[in-house]
Amino acid sequence: MSRRAEPTKEHRPGKDLRERGAAGVALIALSPVFAVCIVAIRAEAMFRQEARGPVFFREKRMARGRVIELLKFRTLTASALASLGPGPTHIARLEEQGMLTGTGRVLKKWYLDELPQLWNIVRGDMGLIGTRPYPIELYEAELARGITRKRDMPTGLIGPVQAHKGATDGRSDVDLDLEYWEEYRTASGSRLLRIDLGIVARSLKVQLEHRGL
């Protein structure tokens, strides 16, 4: 039976408001990048049948105990999309198998496929900094083992796991998330802001070095 446990009530409204505002500003500032991505996806689809499909890909994920519809630019080929079928989707497996369009490869290399999630942040589905929204079946598997990080923690576009790709110092994804969760619950507002800015800076470095692809 599916488990839909209630999340804990820890909440930082100041952080939520700050991140939604930052995402709104970023949406406006990055609108030319969005336009280029959309044109590239549509242009490739005009010339390659295997590249045809919607501009955006919507995937159901768990975010703090509830289901959200996570937005991405589509990177998968038409045959990969057709193979998904009904039920849970976890497109990372297909991406790892190389079932990407030419445009999709470029978007993945620079993490541009994640940009539409700024809209997820603006509408309150998730935040900017936190643990990544999880595929439903993986979320339920963790809950079954008593691991509640994906239920309790704030979710985000980037987080401690993404910021430490290639340099975890032996810590697991769970360890990194729980370290951040402790700071989220106990740190002052100014300290949490500094921690979040550090995660943003490290994540940009990971992106520029193309680590963790």
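Here are some notes:
- Residue that is surrounded by the most Cβ atoms within 10 Å (Cβ to Cβ) [pool: residues in region 99-153 that are of a type in the set (Ser, Thr, Tyr) and closer than 25 Å to residue 18 by Cβ]: 131
- Taking helices (runs of 4 or more DSSP H) as the structural unit, those lying wholly within region 67-145 and holding at least 1 residues that are of a type in the set (Phe, Trp, Tyr) correspond to 117-122, 136-144.
- Checked against (1) without any contact (Cβ under 8 Å) to a residue 24 or more places away in the chain; (2) among the charged types (D, E, K, R); (3) in contact with a Pro (Cβ under 7 Å, 6 or more places away or on another chain), residue 64 meets all criteria but (1).
- Taking the numbered list (1) modelled with pLDDT of 95 or more; (2) farther than 16 Å from residue 10 by Cβ in turn, residue 172 passes all entries but (1).
- Taking the numbered list (1) more than 30 Å from residue 197 (Cβ to Cβ); (2) loosely packed, with under 14 Cβ neighbours inside 10 Å; (3) in contact (Cβ under 8 Å) with a residue 40 or more places away in the chain in turn, residue 69 passes all entries but (1).
- Look at (1) in a loop (DSSP other than H, G, I, E, B); (2) surrounded by fewer than 12 Cβ atoms within 10 Å (Cβ to Cβ); (3) at pLDDT 95 or above and you find that residue 35 fails only one, number (1).
- Counted residues, region 169-190 - those being open to solvent by 70 Å² or more (accessible area, probe 1.4 Å), in contact (Cβ under 8 Å) with a residue 40 or more places away in the chain and either touching a strand residue (DSSP E or B) at 6+ places or on another chain (Cβ under 9 Å) or of a type outside the set (D, E, K, R) (or both): 0
The values are calculated or read from the model by the stated rules, or taken from the named source; none is laboratory data. All of these numbers come straight from a predicted model, not from anything done at the bench. As a convention, Cβ positions derive from the backbone with ideal geometry for all residues, glycine included, and neighbour counts pool all protein chains shown. What goes into the accessible areas is simple: the full protein's heavy atoms, side chains included, and nothing from ligands, DNA or RNA. Shrake-Rupley method; radii C 1.70, N 1.55, O 1.52, S 1.80 Å.
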